[in-house]
Amino acid sequence: MTDQASLPVPIWCDELEYEYAALVERLELLVPCLEIPLHLPWIDAINRLKKQRGAVVMAHSYQSPEIFHGVADITGDSLGLAHAAATCDAPLIVLCGVHFMAESAKILAPEKTVLIPDLEAGCSLASSITAADVLALRARHPGVPVVSYANTPAAVKAESDAICTSANAVQVVESMGTDRVIFLPDEFLGRHVASQTRVELVLWHGRCEVHEKFTAQQARHAREQFDAKLVAHPECPPEVLAEVDFVGSTTAMGRWLERERPERVALITECSMADNLRAQFPATQFIGPCNLCPHMQRITLQNVYACLRDLQHMIEIPADVGVRARAALDRMLSVGRRERA
Ligand code: 13P
Ligand code: SF4
């Protein structure tokens with residue numbers, strides 16, 4: 001395994017500034033100017049290595065701007081990245097996101113090599129539940145189907161009937177065709193979904209450590225002080241969701257901005273996401289509050305480079321777990337196909 005401190009720093013040369021002029025212009029809006037010359041040599045080295053390896057780099061919307069804009073071939077929310085992994089041609093995927101996202105890519109593309117730049121990039125929701133917990137819930141609620149949020153480990157997915165993301169949770173729950181569904185593991189997302197459907201949900205007590213910190217007072221402050229529209233991710237507490245103009249998944253928030261084009265907006269979600277959308281909507285002013293996901297922040301240009309150079313941090317999933325988790329993920333993807341048909 002490569003020790004990051006021993007990585008040779010790629011050399012800066014003036015030509016890079018010309019070669020990456022469009023990227024520099026975008027990054028100038030998003031990161032301190034002094035950082036850009038430090039990022040460019042790594043971005044260039046990664047882009048070259050990517051070509052040599054025939055790799056595709058995927059980045060979740062919560063990745064820092066230098067990764068999201070600098071080296072990613074495919075960007076998106078967790079649902080979008082799962083689709084892309086299943087359909088892209090590249091034999092090698094570097095997943096810049098957290099561990100459960102890289103696992104989903106591997107489950108859907110078991111013949112491909114999936115690397116994650118830091119194996120420790122976890123998620124408080126994914127670590128809130130185990131496969132044994134799912135089996136215990138099934139025993140307590142016999143015959144009730146289990147829908148698990150994508151933010152779960154592969155072993156939990158394998159014990160579930162279907163997977164959902166925040167973008168499709170209501171549709172997946174309703175597709176089960178039952179009056180009750182066990183919904184795991186995010187309690188706040190579960191309460192939001194329950195408010196949108198007649199299906200009764202049995203909930204777990206998982207929380208996103210980033211979104212649970214937002215408060216109703218912060219939301220009110222953004223509206224009263226800055227006359228901002230408020231948009232929130234459904235992993236936020238219910239009292240926050242009650243204050244906002246729109247509740248939606250990562251992708252739904254982008255679409256809302258596209259539609260509404262507000263003068264000012266407070267995105268009550270992980271704040272790299274606000275940074276990345278800021279580049280897309282320069283006429284809109286983005287107001288805090290801002291919480292960063294510490295797990296997403298573990299991914300850096302340096303460890304993306306090391307992972308590509310040394311082909312390290314491969315995602316491995318036991319075959320039987322992979323097959324059962326795949327069936328649950330396929331069920332989610334087929335709901336999406338039915339919705340689009
Ligand atoms: P999305 O499913 O919207 O990509 O969100 C994943 C996540 O981790 C949200 O905190
Ligand atoms: Fe997990 Fe929350 Fe980080 Fe998303 S923001 S990866 S739910 S800890």
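Bear in mind that the values in this text are calculations on the coordinates, not laboratory data. Bear in mind that the values here come from a model prediction, so they are computed numbers and not experimental data. Positions of Cβ are generated from backbone atoms using ideal geometry, with glycine treated the same way; all protein chains shown enter the neighbour counts.
Across the stretch 17-152, C-alpha contacts under 8 Å between residues 6 or more apart give a mean separation that, scaled by the residue count, equals a relative contact order of 18 percent. Sorting Lys229, Lys112, Lys213 by the number of Cβ atoms found within 10 Å of their own Cβ, with the fewest placed first, yields Lys213, Lys112, Lys229.
Which percentage, to the nearest 5, of the DSSP beta bridges contained in the chain is antiparallel? The partial results should precede the final answer.
Numbers: 1 of 33 bridges.
Taking every DSSP beta bridge within the chain, about 5 percent pair in antiparallel fashion.
Answer rounded, prolate or oblate for the stretch 88-142, using the Cα gyration tensor with square roots of eigenvalues a ≥ b ≥ c: rounded when a/c is under 1.5, else prolate when a/b is larger than b/c, else oblate. Working shown, then result.
Values: a/c = 4.30, a/b = 1.92, b/c = 2.24.
The shape class here is oblate.
Take every pair of alpha-carbon atoms less than 8 Å apart whose residues are at least six positions apart; their mean separation over the length of the chain yields a relative contact order of 21 percent. Computed over the stretch 200-271, relative contact order equals 36 percent, with contacts defined as Cα pairs under 8 Å that lie 6+ residues apart.
What is the dipole size for the stretch 14-95, taken about its Cα centre, with +1 at each Lys and Arg Cβ and -1 at each Asp and Glu Cβ, in debye to the nearest 20? Working shown, then result.
Values: 5 positive and 12 negative charges, 89 e Å.
Its charge dipole is roughly 420 debye.
By the count of other C-beta atoms within 10 Å, a proxy for reagent exposure, Glu260, Glu235 are ordered fewest to most as Glu260, Glu235.
Shown for His192, His60: other C-beta atoms within 10 Å of each C-beta, ranked fewest to most, produce the order His192, His60. Summarised as an ellipsoid, the chain has semi-axes of 33, 27, 16 Å, derived from the eigenvalues of the Cα gyration tensor scaled by 5 and square-rooted, with the largest first.
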